[in-house]
Amino acid sequence: LANLLKVSRTTVINAYRLLEENGLVTTRVGSGTYITELSTGDGHTGSMPWEQLFSPPYKSPLASLLRSLVSSPTADDTISFAAGMPDPQLYDLTILENLTNQCPDLPKETFGHISIEGYSPLRHSLAAWQTSLGIPTSPDNVLIVSGSQQGLYLLVKALVEPRDYVIVESPTYLGTIQLLEAAGARILGLPQSDSLDLAVLEDYLIRYRPKFFYTIPTFQNPAGRVMTLAQRQELIRLAARYRLAIVEDDPYSQLYYGQQPPPTLKSLDTYGGVIYLSTFSKILFPGLRTGWITAPPPVINRLAQEKQYVDLHSNNLSQIILHTCLQQDYLAQHLTLVRREYRKRRDALAGAIRQYCPAYLDFTLPAGGFYLWCKVHPPASPAELLRQAAAAGVTFVPGEAFYLNQPDSPYIRLCFVTHDEDRLTEGVRRLAKILASGAAN
Ligand code: PMP
């Protein structure tokens, strides 16, 4: 074959090896090399080489960490501090039944295809709700998305090209880091301390001309921090001066356990530069997969174009249910209930840590949201800690998942809303034993 093709023998041998590695040929010793049969002849397919057809997947450096989180052997009655999910026990299924029962009153067209931007009554009721919360919104400024994760995906798709610079807080929401990395963005981390470092931000603006600044100003994920009103105003002033686009991700601001948080950046926006995202996932049912984006019409139009390629429009039934929730004031009642309940849970988790492992975990009590962000003492490997904790029946997310690079100090993120107070306390007891054993140091 080498002579025939006028190539070296090694090239031919390598080519055969490659074909074999990819399952396209099979070598039988003493007989020869044969093309692999694709069909077994009994109606079942053989070894279709799917791997060859796939486009190269983006492999996040964080993927293995998260895989270990999911695949670590866990005890049967695991207490999860890991998932940022409301407690399913608080889902009111009778309201779902009531709302679904109202569907036959709707025109049949409601269940056909609707506009990409979303179910018009929901766009109206969301616009009215947001206006009442201090963000003057018209329905044309609203795009309904299938969870704010989809909103972030569309934004990255519409705004980011490979090698573009984007600024994020460090630490920040893992899902956004992964989307930006997959898009080939160059991500600049803005270290989070007590205050927003506007000098560093301005320096980034001058040096890198970033596409946007992604921020979670209220009850941040993972750090629980709240940007003060003064910081918000200064940020808007700076952003307006540089025409910096801000992406404000705001799933948690309605979950406050004391005073209401400062107004959103969107409500302070003086230059039309803030794109606002929120979701029903943390305040109602995450499984309805419904969130929304509020932005100036040119942005909404461009995002709608991208959304058309993804799913034409979001699920009608979810949108109908959520519209009725807003209209019949059910959301407000539910918020009152969960604020009271989650506050108790936050305090139970904090109290248990103070009782069982005060020397090992250091935190600031968050004024809202889902998470307690704890610094680990003495420095231990959070990934190793997780392996041991999972075996002992308690899980959390290691802090490094929320950073672009290895953080200076080890942190863990504990979600306090998924379990009731007794289970939270039991979870801390289990964690305290592992921490006290020092095995992860
Ligand atoms: N942004 C942030 C900050 C989040 O914490 C989450 C959920 N963990 C999302 C976006 C995605 O939420 P959704 O369920 O609406 O896609």
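Nothing in this text is a laboratory measurement; each read-out follows from the coordinates by a stated rule. Keep in mind that what you see is a predicted model, and the values were worked out from it rather than measured. Neighbour counts are summed over all protein chains in view; Cβ atoms, including those assigned to glycine, are modelled from backbone coordinates with ideal geometry.
Can you give the local net charge around PRO162? Use residues other than it whose beta-carbon is closer than 14 angstrom to its beta-carbon, Lys and Arg +1, Asp and Glu -1. That sum, taken over residues with Cβ under 14 Å, equals +1. Extension gain, THR131 to SER409, is 96.0 nm, computed as 0.36 nm per intervening residue step minus the present C-alpha separation. The convex hull of the Cα atoms of the range 180-284, projected and averaged over all directions, covers 7.2 nm². Can you tell me the FRET efficiency between LEU4 and ARG163 if r is taken as the Cβ-Cβ distance and R0 is 35 Å, rounded to the nearest 0.05? So the FRET efficiency works out to roughly 0.20. Against the compact-protein benchmark of 2.2 N^0.38 Å, the Cα-based radius of gyration of the range 187-243 scales to 1.10. For the range 293-341, the Kirkwood radius over C-alpha pairs fed into Stokes-Einstein at 4 °C and 1.567 mPa s yields D = 98 µm² per second.
Footprinting exposure proxy ranking of HIS377, HIS334, fewest other C-beta atoms within 10 angstrom first, gives HIS377, HIS334. Evaluated at 37 °C with a viscosity of 0.692 mPa s, what Stokes-Einstein diffusion coefficient in µm²/s does the range 268-308 have when Rh comes from the Kirkwood expression over alpha-carbon pairs? The calculation lands on 281 µm²/s. Amide H contacts of ASP164 (H built 1.01 Å from N, in plane; Pro and chain starts excluded): ARG186 sit under 5 Å, all sequence-distant by 5 or more or on other chains. Seen from every direction in turn and averaged, the convex hull around the alpha carbons of the range 220-278 projects onto 4.0 nm². The number of Lys pairs in the chain with C-alpha atoms less than 29 Å apart, excluding pairs fewer than 8 positions apart on the same chain, is 21.
Evaluate the range 257-409: find the radius of gyration of its Cα atoms, find its Kirkwood radius, and give the ratio Rg to Rh. Checking Rg against Rh, the ratio lands at 1.03. Applying 0.36 nm per residue to the separation of ASP329 and GLU202 and subtracting their alpha-carbon distance, the gain on full extension is 41.5 nm. If you filter the range 150-238 for trypsin sites (Lys or Arg not before Pro), then keep DSSP loop positions with at most 14 other Cβ within 10 Å, what is left? When the trypsin sites (Lys or Arg not before Pro) of the range 150-238 are filtered for loop state and at most 14 Cβ neighbours within 10 Å, ARG163 remain.
From the P(r) of the range 392-438, can you give the percent of Cα pairs sitting at distances over 17 Å? Each step should come with its number before you reach the end.
On the way: 463 of 1081 pairs.
I get 43 percent for the Cα pairs in the range 392-438 exceeding 17 Å.
Treating the range 250-339 as a set of equal point scatterers at the Cα positions, no solvent, please give the Debye-formula log₁₀ I(q)/I(0) at q = 0.21 Å⁻¹. One equal scatterer on each Cα of the range 250-339 leads to -1.21.
Legend: translational diffusion of the range 72-228 by Stokes-Einstein, Rh = Kirkwood radius over C-alpha pairs, 4 °C, 1.567 mPa s; D = 67 µm²/s. Once the gyration tensor of the Cα atoms in the range 325-441 is diagonalised, the equivalent ellipsoid follows with semi-axes of 29, 16, 12 Å, ordered largest first.
In the chain, the C-alpha radius of gyration followed by the widest Cα-Cα span (Dmax) gives 25.6, 82 angstrom. Rg ratio for the range 368-408: its Cα radius of gyration over 2.2 N^0.38 Å, N being its residue count, equals 1.23. Its residue count N fixes a reference of 2.2 N^0.38 Å for the range 152-217, and the Cα radius of gyration divided by that reference is 1.05.
Under 8 Å for C-alpha pairs, at least 6 residues apart: give me the relative contact order for the range 313-388, rounded to a whole percent. Intermediate results must be reported in sequence, preceding the final value.
Numbers: 27 pairs, mean separation 12.9, N = 76.
It rounds to 17 percent for the range 313-388.
A Förster radius of 56 Å, combined with the Cβ-Cβ distance separating GLN259 from GLN52, puts the computed FRET efficiency at roughly 0.45.
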